[in-house]
1. HN-Hα J couplings of region 193-210 from phi, Karplus 6.51/-1.76/1.60, θ = phi - 60°, integer Hz, Gly and Pro as x?
2. Quick one: 128, 139, fewest Cβ neighbours within 10 Å first, how do they rank?
3. Residue 325's amide H: which non-local residues (gap 5+, or another chain) put their own amide H closer than 5 Å, with H modeled 1.01 Å from N in plane and none for Pro or chain starts?
4. First select every other residue whose beta carbon is under 12 angstrom from the beta carbon of residue 272; then total the charges, Lys and Arg +1, Asp and Glu -1.
5. Which ³J(HN,Hα) values, rounded to whole Hz and listed in residue order, are derived for region 87-103 from phi using the Karplus coefficients 6.51, -1.76 and 1.60 in 6.51 cos²θ - 1.76 cosθ + 1.60 with θ = phi - 60°, glycine and proline given as x?
6. Ranked by Cβ crowding within 10 angstrom, fewest neighbours first, how are 434, 469 ordered?
7. Fewest to most neighbouring Cβ within 10 Å: what's the order for 166, 273?
8. Report the label-to-label distance for residue 3 and residue 405 in nanometres (one decimal), using points 7 Å from each Cα along the Cα→Cβ vector.
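Read the figures in this text as sums done on the coordinates, not as results from a lab. Remember, it's a predicted structure, so these values are computed and weren't measured experimentally. Backbone-built Cβ (ideal geometry, glycine too); neighbour counts: all protein chains shown.
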Amino acid sequence: MNHIDKIIEQISPSWAASRLKSRLELRAYEAAKPSRLHQRQTDRGSGDASVAKAGEQLRIQARHLDENHDLARGVLNVLVNNIVGTGIRIEALAKDKKGESLTAFNNKLHQLFEDWMLKPEVTWEQHWNQLQRLAARSWLRDGEVLAQLLEGTNSTLDHGSRIPFSIELIECDLLPIDMSDEKKGVIQGVQKNQWGRPTGYYLYKQHPGDPNAPLTTSQDTKFVAADNILHLKLTDRIRQTRGVSIFASVLTRMDDIKGYEESERIAARVAASMCAFIRKSPDGPVTSAKFDSAGNRLMRMQPGAIFDNLLPGEDIDMIESNRPNTMLEQFRNSQLRAVAAGTSTSFSSIAKDYNGTYSAQRQELVEQSVHYSVLREHFVERFVRPIWQRFIRASLLTDLIEIPNNLDPHTLLDADFRGPTMPWIDPLKEIHAEEKAVQAGFKSRSQVIRERGNNPATVNEQIKRERAEEESAELVFTTNVGAMHSMKEQQEQLENE
């Protein structure tokens, strides 16, 4: 408050307050002020209110693009390949009370899990790795996917493995978005407690989009407790009940790209079909021209043709084609960069444009790997890890595995989950860097092996077995000779010291 405001305050406090309020409004953010050139767009609704208005439309548009647009399909393929790849690898890490790894127990868990991986879901149509890819694709495209966990014996269900545990993948269409009941705490098909934690899900008994499906109502739903449901979803708002497609912010742009490319293709085809036209003088005779039965002018067109049958008053002019558009690639690439930014993918991957130096490619790969890691961690923690934990619990109910007496119970469910590794751009440089990191003690061999997507115990066992076979067969390789020389030099150095 300046001196003038203080004087006015003595005369009229309300006037002084009005001056101060006006001054504060003038200092507000310019972006919050509507103008002729800046039309302010606002949304005061909650996350659930926004999804209720647009969630279903976003989902069906994203599915349409996945089915009909090569770019959208490519974006999903890139995401699934980098998040899941050929499947999330699981390494059991149960330990004894001294902190030592229980190798035999962990190996038994791996054997049972590999047997269960062949038929992990109720239809027996998906391998475990295929199931992960399908779940991830549905999660990213539709914004959410559900899975029901089925344990124990059931007269109507054959689990297909020695472990009585199966998964039922459920599309989000079976979770009614328009089903809400304030008294029961049901919001968009999900029942929650007073803290907002899901306690159950109301699911349609039949997919509402099936050709022979009757008109579905709330009476056609079944209630499933939240303990038996995995709800994997993409959310941007706090306490948002339902997920939104990863294409939500780029749907319009992708539609525009599709329409623009189609227009350019049509224009190029039209331009390729047209080559010349005859310009006629209004007074020129045309009586000797040849016509077909439909009245069309007949002229022979062939490569290298010479037009020597033009009539007096006629001349021929060539149509200049400006297709294909020379700016098409540059414009399309700029749009693809925006799509990549909105879908957490890399431009070079979705555009299949790998031009650039080693440093540029490496920088893009390093920066993009963070985005994939974030999505992969969410997928692991909300889908893969709970399934692994329920598998362990189901395994312990059988007589196929025995818990060691010295097992630390707090480590029973521990495991390491590894997805696709960041690929090498220059293998020679990468392997030298890893080798130096291990030698300097910045990394362990186990860490390097895990980062490359392998199990250290399996790799060590394979190396041990190969070394024994090489010695018994008296085979000597260059790597063995180099290792022997290195050991000999180290031994001589120690003796000299």
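1. With coefficients 6.51, -1.76 and 1.60, one gets 8, 5, 8, x, 8, x, 10, x, 10, 9, 10, 4, 6, 9, 4, x, x, 5 Hz.
2. Details: 128 20, 139 27.
Fewest to most other Cβ atoms nearby, the residues stand as 128, 139.
3. Long-range HN contacts for residue 325: none found.
4. Values: positive: 265, 269, 323; negative: none.
Local net charge: +3.
5. Coupling constants for region 87-103: x, 6, 7, 10, 10, 5, 10, 5, 10, 8, 5, 8, x, 8, 5, 8, 4 Hz.
6. Details: 434 19, 469 10.
The order, fewest Cβ neighbours first, is 469, 434.
7. Arranged by neighbour count, lowest to highest, 166, 273 become 273, 166.
8. It works out to 9.3 nm between the two label points.
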